[in-house]
Amino acid sequence: MAILFEQTLEKRRKTLGDEHVETIETMNDLAVAYWKAGKAAKAIPLYEATLVRVQAALGEDHKDTITIMDNLAVAHVAAGSQEKAIALHQAAIARSTPNWAKTISPRSSR
């Protein structure tokens, strides 16, 4: 499966550029494929590059940024880097909390 994502990423980079949201999305998809295949050593640097680009394109508090940050944390767990994973999970939670507070509304008590 990673081969398909690698080919798609190459095409998107050529046609859309490295900073395009669809290219960034494909980078994340490829990193997920690497992680699922047990290749954390390939997934981690790709997640890191993806995180930098998504932060620049969408902002640090965007849900996609938070998701990629969390994906990177999970890859660090798989690689045995617990300290890095914990720090990334904590950062993702800190960024998520204000967004969740805006989307959760109290139910009426009828």
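Restrict the check to segment 53-66 and report whether at least one residue is modelled with pLDDT of 95 or more, at positive phi and in contact with a helix residue (DSSP H, G or I) (Cβ under 8 Å, 6 or more places away or on another chain).
No; the residues of segment 53-66 include none that is modelled with pLDDT of 95 or more, at positive phi and in contact with a helix residue (DSSP H, G or I) (Cβ under 8 Å, 6 or more places away or on another chain).
Considering segment 27-47 alone, what residues qualify as being within 12 Å of Ile68 (Cβ to Cβ) and either polar (S, T, N, Q) or loosely packed, with under 14 Cβ neighbours inside 10 Å (or both)?
Asn28
Could you say whether any residue in segment 73-95 is of a type in the set (A, V, I, L, M, F, W, C), at pLDDT below 95, surrounded by fewer than 13 Cβ atoms within 10 Å (Cβ to Cβ) and assigned to a helix (DSSP H, G or I)?
yes
Quick check on Thr50: is it of a type in the set (S, T, N, Q), without any contact (Cβ under 8 Å) to a residue 60 or more places away in the chain and over 20 Å from Ala79 (Cβ atoms)?
no
The values are calculated or read from the model by the stated rules, or taken from the named source; none is laboratory data. Computed from a predicted structure; not experimentally measured. Positions of Cβ are backbone-derived with ideal geometry, glycine not excepted, and every protein chain shown enters the neighbour counts.
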